[in-house]
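For reference, the structure discussed in these notes is given below.
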Amino acid sequence: MRRRAPSLLAALLTAFAALLFAAPPASAHTELESSAPKNGSRLAHTPATVRLTFSEPVELADVHVKAAGKQLTLSRGTHGNDAIEVTVPKSAGRDRLALVWQVLDMEDGHPTSGTLSFRLTAKAKAANHAAEAAAAVPEPSEAVHSAWVAVRWAGYLCLALFVGGLAFLALLWPQGAWDRRTRRVLTLSWITGLAASLLAPGLQGAYGAMGTLGDVLRPATYTDLLATEVGIVAACRVLMWVLAAIVLAALLQGGDRAARSPGWRVGTLAVGFGLLRTTSMTGHNSEGTHPGWGAVADLVHLLGVSLWLGGLTLLLLGVLPRRRPEELSSVLSGYSTLAGVSVAAIAAAGAVLTWQVVGSFGALFHTDYGRLLLLKLAVLAAVLLIAQRSRGWVRTRLDIAVLLRGDRATVRPFVHSVAAETGLVLVVLAATSLLVTSAPGR
């Protein structure tokens with residue numbers, strides 16, 4: 001197995017590079033293609049309307065335009081579903097008119113924004129000119145974006161712990177359903193996962209509307225988002241977390257009997273699939289020329305990470321502290337195999353997603369999204385090296401640890417390796433949250 005690992009890694013890297021070199025340019029998020037009047041035009045006075053034409057059809061609820069910090073009125077107009085008419089009040093500008101626009105992508109709900117600037121040639125009073133020059137052009141709130149990234153990270157973490165933890169109990173360690181630490185991990189991950197699924201739509205809606213943190217809990221923020229496809233997916237994700245409470249309650253009540261029950265496993269499979277699918281639908285898998293492949297790859301990627309991280313966490317907090325020889329013998333060897341399959345699935349699905357979203361080898365180095373993706377891949381490579389060390393311990397030291405009945409000194413190197421692996425996977429999840437909330441090609 002150790003001899004085959006370098007060749008397998010080389011094959012995966014070769015396939016990854018081939019996909020990037022051969023990939024067609026990926027389609028980005030909804031962008032502004034043109035405006036009438038054109039951006040940068042010199043105008044005699046403030047125009048009554050400005051027409052914005054986007055790269056694809058848009059909904060009125062997904063577009064927000066501000067001037068001098070005030071939300072402007074939008075209408076459909078007569079130029080097609082990809083155009084929006086913006087009504088501009090005369091007080092919006094004197095010597096310069098700045099329109100800050102933001103549009104949510106219809107597929108994944110991620111915002112794209114920009115500024116249009118027009119020079120008004122009519123002379124303004126000196127006092128008004130100074131006031132206009134001092135006025136700051138409103139931009140999407142960085143505080144809202146940071147909170148959105150943090151909530152997405154918490155959501156990914158809780159999804160992995162909950163789905164991966166339940167799978168770990170069902171496949172490898174049913175008796176762990178009675179373990180106090182394991183029950184706490186599953187309960188806390190469910191509570192936090194539900195809270196994150198409730199907060200994320202409000203943060204996304206406030207960011208898309210260029211609002212503040214105070215707008216997150218406003219009912220209008222949720223109602224506006226729920227009128228879109230992204231909002232419907234968010235509501236379905238909340239529903240899946242509510243249904244997950246039934247699965248968790250049955251496990252906490254029935255223990256290992258429930259974990260071995262075919263009925264409970266079928267219910268867990270359905271809920272787990274629902275959580276994974278509704279989470280993957282808000283990613284970038286709709287980008288590229290083959291969105292169907294992106295959706296499948298994103299689902300496989302999330303499943304692989306969940307099995308890997310959920311299993312690592314229960315190993316670290318549940319199995320290893322007990323140091324029971326029979327559990328070490330059966331669980332560690334079984335998880336080593338499961339982790340190997342999960343890592344292979346993550347690598348394959350990640351290559352497909354990179355091909356879909358980045359679209360070219362050069363984009364990895366010339367865009368912020370590509371550079372962040374490279375950072376994530378570098379951390380992931382470090383995780384794989386540590387994971388290889390952990391698997392080496394299982395192959396060479398597990399039998400000794402079992403014979404010594406889980407001696408602390410014998411098991412300690414493996415505990416440190418698993419802890420380091422878990423910590424770096426959390427960093428990978430943080431990078432994933434930043435990638436999901438940013439636009440490719442930028």
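Just so it is clear, none of the values below were taken in a lab; they were calculated from the coordinates. What you are looking at is a predicted structure, and each value in this text was computed from that prediction instead of being measured. Cβ placement follows ideal geometry from the backbone for every residue including glycine, while neighbour counts extend to all protein chains displayed.
For this structure, a couple of remarks:
- Phi-derived couplings, Karplus 6.51 cos²θ - 1.76 cosθ + 1.60 at θ = phi - 60°, listed residue by residue for segment 41-58: 5, 9, 10, 6, 7, 5, x, 5, 9, 10, 9, 10, 10, 9, 6, 7, x, 10 Hz, with x used for Gly and Pro.
- Segment Glu229..Thr49, full-extension length gain: 62.0 nm, with 0.36 nm per residue of separation and the alpha-carbon distance subtracted.
- Close amide H contacts of Thr49 (hydrogens built in the peptide plane, cut-off under 5 Å, sequence separation of 5 or more or a different chain): Val88.
- Counted charge near Val247, where neighbours are those whose Cβ lies closer than 14 Å (Asp, Glu -1; Lys, Arg +1): +2
- Theoretical FRET efficiency, 1/(1+(r/R0)^6), r = Cβ-Cβ of Ala143 and Ser329, R0 51 Å, to 0.05: 0.50
- For the pair Ala245 and Ala382, label points projected 7 Å from Cα toward Cβ lie 4.0 nm apart.
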